[in-house]
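Structure first, then comments.
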Amino acid sequence: MSQTGEEATVIELIELRRNYGPVTALAGLSLTVPKGCLYGLLGPNGAGKTTALRIVCTLLAPDSGSVRVGGLDALAQPRAVRELLGYVAQEVAIDKILTGRELLELQGALYHLNAKRLQARILELSGLLGMDDWLDRRCGSYSGGMRRRLDLASGLLHDPAVLVLDEPTVGLDIESRAAIWQVLRQLRDQGTTVLLSSHYLEEIDALADRLAIIDGGQVIAEGTPTSLKSALGGDRVTLRVREFSNAPEAERVREVLERCPGVRQVVVNLAQGHSLNLVVENATVIEPLRRQLAAADLPVFSLSQSRPSLDDVYLQATGRTLMDAELQVAGSRDPKAERKQAMR
Amino acid sequence: MTSAPSMTSTVAKPGASISGNSALADQGQEILALTKRLFLQLARRPSTLVAGVLQPLIWLVLFGALFAKAPEGLLPDGMSYGRFLGAGVIVFTAFSAALNAGLPVMFDREFGFLNRLLVAPLRSRSSIVIASVLYITSLSLVQSLAIMGTAALLGYGWPGVYGLVLVLVTLLLLVFAVTGLSLGLAFALPGHIELIAVIFVVNLPLLFASTALAPISFMPTWLGWLAALNPLTFAIEPIRAAYAGQVSLSAVVLQAPYGALTGAHCLLVLAVLAAGLFLLIRPLLDRKLS
């Protein structure tokens with residue numbers, strides 16, 4: 001990825017705001033996706049990723065802000081923008097009674113492909129996505145992975161300049177996930193701009209040329225995975241004094257650690273049995289740190305050390321781990337309200 | 001990155017479609033594909049088609065038998081009850097089928113399939129509505145013809161060539177009106193449970209408060225008024241007249257409490273109703289589909 005902000009921009013979101021009743025989904029989100037970039041939106045469920053993607057795809061209008069896709073104002077020229085876009089939604093809406101081929105034929109007609117080109121594209125995509133054996137079976141019999149491949153095929157049918165995917169591999173088997181990753185990389189290499197959302201850190205880390213971390217409807221960090229991680233500096237240490245500590249014990253450990261020289265930050269990780277996530281200046285800090293804990297009668301049970309990850313980037317920006325953020329929203333989600341938001 | 005000139009504009013050709021075809025050809029392609037989908041669904045799940053013919057058939061046979069021994073001369077022109085009922089059941093068939101028009105649309109809304117359609121660069125989103133109307137019109141006419149054929153076999157008569165044309169035109173107008181209503185409901189109501197509830201509540205009362213099962217002269221005044229204002233009656237009476245061999249539009253087909261109605265009156269009312277309903281739901285469709 002050699003593109004920078006100075007070069008061609010394909011998607012540009014400026015100050016997007018959108019509320020669903022009292023709930024704020026987007027609180028001034030701005031984003032720039034360069035041409036030919038595989039761009040990731042990372043954030044916990046409920047961060048506003050889906051809302052932002054639905055706005056890019058002209059399915060939803062923002063309360064305020066502007067959206068440009070391929071140089072066009074998406075709010076003023078939605079139809080022209082739709083021709084540029086392929087969209088793979090999170091909830092796979094498939095007509096179970098049609099075969100994969102029939103669904104693709106319908107999709108092709110809606111994009112006004114002529115019969116010859118349509119059949120050629122179906123053949124091509126079916127091979128690319130490993131769907132040949134399934135194409136003439138009814139969609140109702142497809143596995144989750146096959147459905148997602150079909151959805152990806154229908155998003156790619158008209159050879160769009162921009163492909164938008166909402167959580168494309170959530171809940172998928174490893175084989176389907178690998179197949180989809182490979183196709184996305186190929187597309188990027190051929191010059192397609194790909195914008196995808198995910199709450200899987202590894203996915204964004206492995207796939208994305210650039211990423212934006214989204215939290216509370218805003219971009220809180222943006223850059224390439226490498227630049228974001230190296231900007232953090234320091235080493236990461238995960239430490240436990242017991243396999244599963246309770247909260248008061250974790251607090252005591254934290255107090256001891258915070259007094260150790262060379263320790264920059266200590267966070268109690270609720271999702272991982274109150275383990276402690278530390279940012280330390282370098283590896284030499286660790287031995288004195290073990291001694292301090294032993295002196296406080298809190299000997300180290302396990303300790304692992306690593307370079308910063310995207311989770312650390314997220315932690316640094318929000319003060320909580322992505323997993324904790326997920327757990328926090330898991331209980332407060334309202335599937336009925338979410339379905340209503342997506343319903344016309 | 002905020003400077004507009006550096007945005008790629010080469011990828012976008014506003015106004016031009018991918019196909020390079022005319023807008024009309026593109027929209028034709030959309031409508032054809034969307035209609036084909038509905039017919040594929042029907043072919044693979046024919047139960048709605050079968051049930052749509054069976055239900056009125058049961059009405060025809062059982063209700064026809066119930067009053068088979070009605071005293072002669074009770075009905076106008078000494079008509080047998082089977083013959084009288086035939087027109088009512090034909091209209092009821094078309095009406096019920098059209099009333100269900102909104103269901104596939106509602107399911108598409110609920111399952112998100114509509115979003116798949118809306119993210120595509122449709123020339124006109126009216127294609128979605130037109131496909132539904134085409135589908136439900138053909139379906140209800142086929143069902144009605146099946147009932148007409150069965151009624152003929154049961155000895156309840158056949159309208160003849162001109163009569164058949166009159167019957168089909170009448171049914172078409174009614175189907176348009178009811179389809180408009182049903183599609184409007186499919187976009188206005190929150191889910192299919194509500195839509196089915198409305199269909200359930202509307203269906204039979206409209207049948208009973210019409211001249212499908214009994215002439216107005218049998219009814220108490222208040223019900224007679226209701227029947228004379230019921231759109232079903234405006235479809236039933238010209239069809240009943242056509243079955244009786246009367247195809248002139250200027251002949252009186254019904255003595256309503258407010259005056260005599262000719263076939264032309266009835267068709268006009270149905271046409272105005274259909275046009276009115278589509279005008280009424282248009283803002284709703286525009287809002288939901290834009």
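Of the residues A:Gly65, A:Gly36, the single one that is more than 9 Å from chain B (Cβ to nearest Cβ) and surrounded by fewer than 20 Cβ atoms within 10 Å (Cβ to Cβ) is A:Gly65.
Taking B:Leu213, is it surrounded by fewer than 23 Cβ atoms within 10 Å (Cβ to Cβ), in contact with a Gly (Cβ under 7 Å, 6 or more places away or on another chain) and not in a helix (DSSP H, G or I)? Spelling it out, B:Leu213 is indeed surrounded by fewer than 23 Cβ atoms within 10 Å (Cβ to Cβ), in contact with a Gly (Cβ under 7 Å, 6 or more places away or on another chain) and not in a helix (DSSP H, G or I). Against the condition more than 27 Å from B:Leu24 (Cβ to Cβ), facing chain B (nearest Cβ under 9 Å) and either touching a residue at least 60 places away in the same chain (Cβ under 8 Å) or surrounded by fewer than 17 Cβ atoms within 10 Å (Cβ to Cβ) (or both), how does A:Ala89 come out, does it pass? Criteria met by A:Ala89.
For the stretch B:266-283, which positions are under 19 Å from B:Arg240 (Cα atoms) and in contact (Cβ under 8 Å) with a residue 12 or more places away in the chain?
Narrowing the stretch B:266-283 to residues under 19 Å from B:Arg240 (Cα atoms): B:266-271.
Answer for the stretch B:266-283, where residues must be under 19 Å from B:Arg240 (Cα atoms) and in contact (Cβ under 8 Å) with a residue 12 or more places away in the chain: B:Cys266, B:Leu267, B:Val269, B:Leu270, B:Ala271.
Of the residues making up the stretch B:250-265, those that are free of Cβ contacts under 8 Å to residues at least 24 places away in the same chain, surrounded by fewer than 18 Cβ atoms within 10 Å (Cβ to Cβ) and in contact with a Ser or Thr (Cβ under 8 Å, 6 or more places away or on another chain) are B:Ser250, B:Ala251, B:Val252, B:Ala264.
Reported count of residues in the stretch B:65-119, each being among the charged types (D, E, K, R) and either within 14 Å of chain A (Cβ to nearest Cβ) or within 27 Å of the chain's Cα centre (by Cα) (or both), is 5. Residues in the stretch A:230-263 that are surrounded by fewer than 15 Cβ atoms within 10 Å (Cβ to Cβ), over 17 Å from A:Gln292 (Cβ atoms) and of a type outside the set (S, T, N, Q): 6 in all. The criterion of being away from chain A (no Cβ under 14 Å) and either within 30 Å of B:Leu122 (Cα to Cα) or out of contact with any strand residue (DSSP E or B) (no Cβ under 7 Å at 6 or more places or on another chain) (or both) does not hold for B:Leu285. Does at least one position in the stretch B:237-247 carry a residue that is farther than 20 Å from B:Phe176 by Cα, at pLDDT below 90 and among the small types (Gly, Ala, Ser)? Scanning the stretch B:237-247, I find at least one residue that is farther than 20 Å from B:Phe176 by Cα, at pLDDT below 90 and among the small types (Gly, Ala, Ser), so the answer is yes. Every condition in (1) within 7 Å of another protein chain (Cβ to nearest Cβ); (2) closer than 21 Å to A:Asp205 by Cα; (3) charged (D, E, K, R) holds for A:Glu83 except the one numbered (2). Working only within the stretch A:59-117, note down all residues that are assigned to a helix (DSSP H, G or I) and either of a type in the set (Lys, Arg) or not assigned by TED's automatic domain parsing to the domain that holds A:Gly28 (or both). Within the stretch A:59-117, A:Arg79, A:Arg82, A:Arg101, A:Lys116, A:Arg117 qualify.
Taken together, A:Arg344, A:Arg320 contain a single residue that is basic (Lys, Arg), within 14 Å of chain B (Cβ to nearest Cβ) and touching a helix residue (DSSP H, G or I) at 6+ places or on another chain (Cβ under 8 Å), which is A:Arg344.
Name the one entry in B:Ala65, B:Ala87, B:Ala51 that is assigned to a helix (DSSP H, G or I), of a type in the set (Gly, Ala, Ser) and within 17 Å of B:Phe208 (Cβ to Cβ). Working first, answer last.
On the way: B:Ala65 fails: within 17 Å of B:Phe208 (Cβ to Cβ); B:Ala51 fails: within 17 Å of B:Phe208 (Cβ to Cβ).
Of B:Ala65, B:Ala87, B:Ala51, the one residue that is assigned to a helix (DSSP H, G or I), of a type in the set (Gly, Ala, Ser) and within 17 Å of B:Phe208 (Cβ to Cβ) is B:Ala87.
Could you tell me whether A:Gly191 is in contact with a Lys or Arg (Cβ under 8 Å, 6 or more places away or on another chain) and within 13 Å of chain B (Cβ to nearest Cβ)? Spell out how you get there, then give the answer.
Numbers: in contact with a Lys or Arg (Cβ under 8 Å, 6 or more places away or on another chain): yes; within 13 Å of chain B (Cβ to nearest Cβ): yes.
Yes.
Each residue in the stretch A:98-119 was checked for being charged (D, E, K, R) and more than 10 Å from chain B (Cβ to nearest Cβ), and 2 pass.
The values are calculated or read from the model by the stated rules, or taken from the named source; none is laboratory data. The structure displayed is predicted, hence computed values, not measured ones. Because the Cβ atoms are built from the backbone with ideal geometry, glycine has one as well, and the counts that use them run over all protein chains shown.
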